[in-house]
1. Quick one: how many residues across the range A:133-166 are surrounded by 13 or more Cβ atoms within 10 Å (Cβ to Cβ), hydrophobic (A, V, I, L, M, F, W, C) and within 14 Å of chain B (Cβ to nearest Cβ)?
2. Does the range A:95-103 include one or more residues that are surrounded by 17 or more Cβ atoms within 10 Å (Cβ to Cβ) and modelled with pLDDT of 95 or more?
3. Failed condition for residue B:285, given (1) more than 8 Å from chain A (Cβ to nearest Cβ); (2) under 18 Å from residue A:286 (Cβ atoms); (3) touching a residue at least 40 places away in the same chain (Cβ under 8 Å), with all others met?
4. Can you name the residue in the range A:295-316 that is touching a Lys or Arg at 6+ places or on another chain (Cβ under 9 Å) and small (Gly, Ala, Ser) and is also farthest from the other protein chains (Cβ to nearest Cβ) among such residues?
5. Would you check if there is a residue in the range B:31-39 being within 14 Å of chain A (Cβ to nearest Cβ), in contact with a His (Cβ under 8 Å, 6 or more places away or on another chain) and more than 21 Å from residue B:75 (Cα to Cα)?
6. When you scan the range A:252-286, how many residues do you find that are surrounded by 24 or more Cβ atoms within 10 Å (Cβ to Cβ) and at the interface with chain B (Cβ under 9 Å from one of its Cβ atoms)?
7. What are the residues in the range A:384-408 that are over 16 Å from residue A:273 (Cα atoms) and more than 12 Å from every other protein chain (Cβ to nearest Cβ), if any?
8. Run down B:37, B:61, B:71, B:79 and say which single residue is in the same structural domain as residue B:117 (by TED's automatic domain parsing), farther than 22 Å from residue B:141 by Cα, crowded, with 24+ Cβ neighbours inside 10 Å and modelled with pLDDT of 95 or more.
Amino acid sequence: MNIHEYQAKLLLAKNGVPAPAGSACTTVGEAVVIAEKLFASGQKQVIVKAQIHAGGRGKGVFKSGLHGGVKLCKTVDDVYRNAKAMFGQMLVTKQTGPEGRRVSRLLIESASAIKRECYLAVLLDRTTSRPVMMVSTEGGMDIEEIAEKTPEKIIRETIDPAIGLMPYQARKLAFSLGFTGDLLHQASKLLQGVYRTWEQNEATLVETNPLCLVEQPDGTVSLVVDAKMSFDDNALFRHPEIRQMRDLAEESPLETEASKFNLNYIKLDGDIACLVNGAGLAMATMDIIVHYGGRPANFLDVGGSASREQVAAGLKIILSGARMQAILVNIFGGIMQCDTIAHGILAAARENSLTCPVVVRLAGTNADLGRKILLESGLPLLSADSLAEAADKAVKAAVSNRSQMAAC
Amino acid sequence: MSILVEPSTRVLVQGITGKYGSQHARLSLSYGTKIVAGVTPGKGGQVFENQVPIFDTVAEAVKQTGATVSAVFVPPPLAADAILEGVNADLDLVVCITEGIPIFDMMKVKRAMQGKRTRLIGPNCPGITTPGEGKDSHGGCRIGIIPGHLHKRGHIGVVSRSGTLTYETVWQLTQLGLGQSTCVGIGGDPIFGTSHLEIIKLMNDDPDTHAIILIGEIGGTSEEEAAEWIKHNCKKPVAGFIAGASAPPGRRMGHAGAIISGKRGTAAAKIEALKAAGVATAATPSVIAETLAKII
C-alpha cells in the first residue's frame, strides 16, 4: 500500500524527522490560510504540491493545460491562483498513465533556501533478507540513474533486524554524506528516526529524496526531508492507523473490486483478457499471448485453488471493464476440480452477456469432464487442450473479432 | 534416492485441524505419505482421521513419533512462530505453505535460523513431492499442496517459485513419459528459506536426478545466482523457463516477490543469464518439458 507525501511526512515527524513547515489542505481557502501563516513566519517562498500517488509531479501536466504539479510561490496571491488551478483537475505524469489522477489535496510548505541535497532510503535487501539503508550525496536525482552511472556514490549499510540501526551505523552514513560537527549529530539522529519509522510501521520503503540542508529565515541551518513511503500489505492487519491512510481514489476501481474476492487483478493496456489460477501461471499465460502476437489486457490470478465463486467473480470483473476482443481462461485444476470450475464459468457467462470470443483451456484434475460441460452448454466457448493452442486460438479470435467489428 | 524427502520420510503437519491443513493432510495420507503427527496447540490428545495423533507442541510430536519434517499450514500472523517452533525442535526440514506472512516476521525468522541445522522451504510455496512407485505415483512423499497424481516416478528434478506453473511443468513431463525424482516449489515471497541454487546443488549431487528443470519469475536474483553456478559447476542438463516477460515494471504480479523494481529483476535479464549458463530456455510455458526432452 502507498500513502501520500503529506502522510509520510506526518509519520516521520512522529519519530523526530523534520519536514519543512506546512500542512495539507483540501480547499483553496485552507491553502491561503496556511500560506499566510508561512509568509508571516518570515518565509520568502512557499511551495504548492499536488498530492497524488505518482512520481514526476513537478514535470507533470494538468489536462486543463497547466504545467507542473509542484509550484513555487512568492506571494499569497500566487498560492491562491495555483491552488485554484490545481484542485479538482487531472494531473498526468510519467507514472499515472494517460488518464491521470484527480488532485483533491495539496500540500502547502515553506521553501527554504537549500544549501545541499542528499538521498536517503531504507528498504528490504532481498539478497541478504535484511533491511538496508542507502545514502548518496546525489540528492534529488533518480536513484536508478545514480546506481547505473555512478554506483560508487551510493553507500549502503545493512541492518541487523534483531537490533535495528545502531547509532554508529547512522554516524558512519552521516559522515559519508559529508556532515561534521553539530550536523553530524543532527543527521545521525535523523537517520535513526527514519529507520524507526520504517520498522514501527512495517514499511517496505521509506525514501527521502531529497534530504535537504536548508537555511532558515533566522539564518540557522537544519535538515528537512521530502518523503515517500509504502507498506507491506501482509502486515497491515496489525497497523490500523496505516490502513486508515489508504486512499481508494488512487486505486483502480476494478483492482479494488477484485481484492474483495481475494483476486489479484492488474489492468494492462492490451485487448485479450485472461483469467488464470496461480500467479506464476497467470504471468506465463500473458507471456504466451504476447508470443503469439496478441496483447494481454490484464493480469488476473484467481488463486491456486480457486473456487467456483472466485472464477465467476473474476470473469465478471473482466467483462465489466473496457471492451475486450477475446478472453482466455486458463485453469490448471489441482485440488479444485475442472468440472467445478466449468460450472463457475457457465454461471458467470450466463449472468453477463459475452461480447467477445472466450477460449477455455482446462488441464489437470477432471479436465475432460470440465470440457464436456462447457461444450454441451451451447455457449460460444472455444476449447483448447494445451496452453499453446489456447493462446493461438485467443489471438486469432481477437483478430477476427476486431475485423468483424471494423466491418460493422 | 531423491532430495530432501523420500517415501519413508516421517512428516508432521502444523495446523492439521485448520481448513487447508486438514484437507491436504488427508490428500497426502491417501497418496501414501507417512503423516505421523499433527500439531495444534490446545488439541493435543485428539486423533486426526482416526490415524494421526495430534500434539500440543512440535517438540512433543517429534519425541513421540520420530517425525523429521514439518509442513506448516498455519495462518500468516502465526506462521513465523510455527516455523521457529519446528527449528527449535531440530527438524531436518520445515516446509511452509502459508501465503501472506509479513516481511518483518520472515526477516526475523531468517535471522533466528542462522547457524541452525533446519532447512526451510517457502513460505508461500506449493511444497515438495518425491513421487512413489505406485499407480499415479502413489506411495510417494507429498508435502504441501501439489496434486500427487500429476507425478510419475523418474529422474527429472523440478525447482520452481510458482505453484500452478509447477503443476503445468510436472504434468507436461508426465505426459511425455518423463518421471520426476523430486519437485520443489521454493515459493513466491521476497524472503525465502531455500533458493533455486541450493536445490540445484542438491539435485546435482543426487544420483537419481539425471536432468533439471528450473522455473523462475520476475523479481529478485535467485535465478541469476543459480545460472552463475550452473555455468561452472552443473554436471546435468538443465532446461528453464522465466515467467513475467510481459509484466509491467513496478507492479507486484500476484506473488509478493514478483516485481520488477527499477531495472532489476526483469525476465529478460534472467533469461539472458540462463542462456549464458547453457540452460535450454523454453520460448513459451507450453514447451517446458519438450525443451528438456530435446537435450537429454
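The values are calculated or read from the model by the stated rules, or taken from the named source; none is laboratory data. Only a predicted model underlies this, so the values are computations on that prediction, with no experimental measurement involved. Don't worry about glycine lacking a Cβ; one is built from the backbone with ideal geometry, like all the others, and counts go over all protein chains shown.
1. 8
2. Here is the first cut: in the range A:95-103, the residues surrounded by 17 or more Cβ atoms within 10 Å (Cβ to Cβ) are A:96, A:100-101, A:103.
Still in the running and modelled with pLDDT of 95 or more: A:103.
Yes, because at least one residue in the range A:95-103 is surrounded by 17 or more Cβ atoms within 10 Å (Cβ to Cβ) and modelled with pLDDT of 95 or more.
3. All conditions pass for residue B:285, except number (1).
4. A:313
5. Filtering the range B:31-39 down to residues within 14 Å of chain A (Cβ to nearest Cβ) leaves B:31.
With the extra rule that they be in contact with a His (Cβ under 8 Å, 6 or more places away or on another chain), the set shrinks to B:31.
Now narrow it down to the ones that are more than 21 Å from residue B:75 (Cα to Cα): B:31.
Yes - at least one qualifying residue is present in the range B:31-39.
6. 11
7. Matches in the range A:384-408: A:403, A:404, A:405, A:406, A:407, A:408.
8. B:79
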